[in-house]
2 protein chains.
Amino acid sequence: MSMRIQEKDLPSIAILGATGVVGIECLKLLAERNYPADKISLLASPRSAGKFIEYLDEKLIVEDTNQDSFNEKNVVFISAETQVSLKYAPIAVSKGSLVIDDSSAFRMNKNVPLVVPEVNPEDIFLHQGIISIPNCTTTPLVMLIYAIEKLSKVKRLVVSTYQSVSGAGKLATEELFNQSNDWLQNREISSKIFPYPIAFSLIPQVDDFEPDGYTKEEHKMINETRKILHNPEMRITSTCVRVPVPITHCESINLELSDNLDLQSIYNALDSMTGIEVLGKNNFEEYPMPFNSSGKDPVFVGRIRKDLSCENGFSMWLASDNLRKGAALNALQIMEKAFSIKY
Amino acid sequence: MSMRIQEKDLPSIAILGATGVVGIECLKLLAERNYPADKISLLASPRSAGKFIEYLDEKLIVEDTNQDSFNEKNVVFISAETQVSLKYAPIAVSKGSLVIDDSSAFRMNKNVPLVVPEVNPEDIFLHQGIISIPNCTTTPLVMLIYAIEKLSKVKRLVVSTYQSVSGAGKLATEELFNQSNDWLQNREISSKIFPYPIAFSLIPQVDDFEPDGYTKEEHKMINETRKILHNPEMRITSTCVRVPVPITHCESINLELSDNLDLQSIYNALDSMTGIEVLGKNNFEEYPMPFNSSGKDPVFVGRIRKDLSCENGFSMWLASDNLRKGAALNALQIMEKAFSIKY
């Protein structure tokens, strides 16, 4: 880390959804940066207002969200229900804040940049008050594609996801643990957040269905990838599956390239990409998993191998902490770029 | 079920590996068929010899396996370590038994039929004493391909698996539950069967690695599919992943077809295939999962939709109880065909 900039120059931040899984992760990341406590406001629903959350050596109070919550805030991170983003983002913008939004509310709006700083940082500066961060499955995937496209156009992508429950929030995570415990104690299992039991099972549905039989999550991956890469024709298909894992999304990825690359070129392309770490170059038995990727910043890629079923094909596997690079870290990095912050 | 054949005409069966997950499942299936207890011998290692296993209203004793175990057995089911198959299958054959083997020991041997009775029943009668059953990920996949290929050639397949731990045996299943319990109790987790923790995580490795970066499991899926379908050129690639689920393997499947089919034709093709059940035709929210597929005989297929990323593409999702159709049921059905048994 380079020279610390003056504290007074650091933007004043509000975190709306401060008690949620992403809000908490955002605070952890700010603490890692030693961000001054007096520059951070925590906002939530009335239900959580008045709670204290530990931050560095202090306790920050959670405040109820209202029209005045955004006064003199340079940046507002929103990670809550979509309706919360729809309601408060315009208010925050009207107060002069830069909103960095984790919901799908504005992502496909043509006036809202959708940004992964390693991929399309220039889009940050086109914002009109709101910048969206991509869905937590999209972010690591576009980083991988972007790295590889420095060498060869990606002709087609087939992706299957293995998504952790924290992508569905805190109550979903509790549901996994409660159901697991009930199963192990031979008690009946009840599902409230997910449509079916998730403990010791899988649910091949993330978000609601569209009339074409895809889920919204699958459409998000496809459409957001195209928008971030400025490639509206990109051929990509995805199947999104919830797995009984608390944190870290994994993806099984098959790519067809335009050019005939060797494995070493793929390793090099991915290795030279900021934010990506390649596993298994010298030992196949090293690969990313939720077990070794959770709580870490990089997108980990492994199991990279030639696919012999098509010309110029490769298969690979990635793991990415959905609360970090998939959400809070990406949001924070956007702020850091937007305000040229180097700690 | 049609007229019961004379009990005396039913083949005499030995189950080698009777105390394993597949052996136990085999006994359950025989009990469902009311198969006479005096036609069943249970064989295992010395460690399990002397144990009793309940079967219908009786208790069957588990015997140690030796040269004489196969005398006067018409059929020997083997589901044990590969070395056990390699050691005992030739002995059983020399005694005149038909060996139906669940290991990978003989599957790719050109003198050994590899059979899914709904797909290549005619191969049963080419046996020279041993018939292999496919890997538990291969069986449901070839059923699906076979059904669709009645309408159109499958040009290419991309498969990602979500494989339950019981595919790795009883101790692996215990490891999942023990680790899950330890996690929930905040105790340290230890891994003995799997190379890394499986509870609340994923392991993108099933079986050992080959020099090309694929696992043996992935090669098995590819090679066995080609052998069963008598299509050595079939273009298929697979990524095999272990998930923290006790029973039932799932697969995310993307197919490119030669012809332009509509969704209804795919539904019809799959629906008319014995052993396959299609979910979600009228309600997208119905799809197969371990939760609703375990303990059942059919291969369940759902999430069927057009893939717009390639010409004539479809994506779908299957779930199949790996101990039933993936192992014991398929083995039993081979015996029933070989001996023309109708209960």
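Any read-out appearing in this document is the output of simple, stated calculations on the displayed coordinates, not a laboratory observation. What you see is a predicted model, and the numbers here were worked out from it, not measured in a lab. Cβ sites come from the backbone with ideal geometry, for glycine too, and all protein chains shown count toward neighbours.
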Could you give the nm distance between label points at B:ASN111 and A:ASN181, where each point is 7 Å from its Cα heading toward the beta carbon? 5.9 nm
Shielding by partners - mean other protein chain Cβ count within 10 Å, residues of B:234-244: 6
How high is the FRET efficiency from B:ASP9 to A:LYS281, r the C-beta distance, R0 35 Å, rounded to 0.05? 0.05
When the Debye formula is applied to the Cα atoms of the protein assembly as shown, each taken as the same point scatterer, what base-10 log of I(q)/I(0) results at q = 0.05, 0.06 Å⁻¹? -0.26, -0.37
Report the semi-axes of the equivalent ellipsoid for chain B in whole Å, largest first, where each axis is √(5λ) for an eigenvalue λ of the Cα gyration tensor. 32, 25, 19
If you count, for every residue in B:209-218, the Cβ atoms of partner chains within 10 Å of its Cβ, what is the mean? 4
Direction-averaged shadow area of the convex hull around the Cα atoms of segment B:143-206, nm²? 5.7 nm²
Along principal axes, Cα extents of segment A:138-322, largest first, whole Å: 54, 41, 29
Once amide H atoms are built 1.01 Å from N in the peptide plane, which residues 5 or more positions from A:SER104, or in another chain, come under 5 Å H to H? none
Label-point separation (nm) for B:GLN128 and A:LEU126, each offset 7 Å from Cα along Cα-to-Cβ? 6.7 nm
Cα-Cα over 31 Å: which of B:LYS39/B:LYS220; A:LYS87/A:LYS192; B:LYS73/B:LYS170; A:LYS325/B:LYS325; B:LYS296/B:LYS337; A:LYS192/A:LYS325? B:LYS39/B:LYS220; A:LYS325/B:LYS325
Quick calc: nm separation of the 7 Å Cα→Cβ label points for A:LEU56 and A:ASN71 -> 2.5 nm
Starting from the Cα of B:LYS306, draw a straight line to each of the aspartates and glutamates and keep only those under 14 Å, dropping any in the same chain fewer than 8 residues away. A:GLU210, A:ASP212, A:GLU218, B:GLU256, B:ASP259, B:ASP262
How do A:225-231, A:15-21 rank on mean C-beta neighbours within 10 Å, highest first? A:15-21, A:225-231
Residues of B:193-206, mean number of Cβ from any other protein chain within 10 Å of their own Cβ, rounded to a whole number? 6
Can you give me the long-range amide H partners of A:LYS51? Hydrogens built in the peptide plane at 1.01 Å from N, cutoff under 5 Å, separation of 5 or more residues or another chain. A:VAL62
In whole angstrom, how far apart do the alpha carbon centroids of segment A:100-170 and segment B:228-266 sit? 28 Å
Residues with amide H under 5 Å from that of A:LEU257, placed H, sequence gap 5 or more: A:LYS155, A:GLY313, A:PHE314
Spatial extent of segment B:168-256: Rg and Dmax, with the Cα atoms as the point set, Å: 15.8, 51
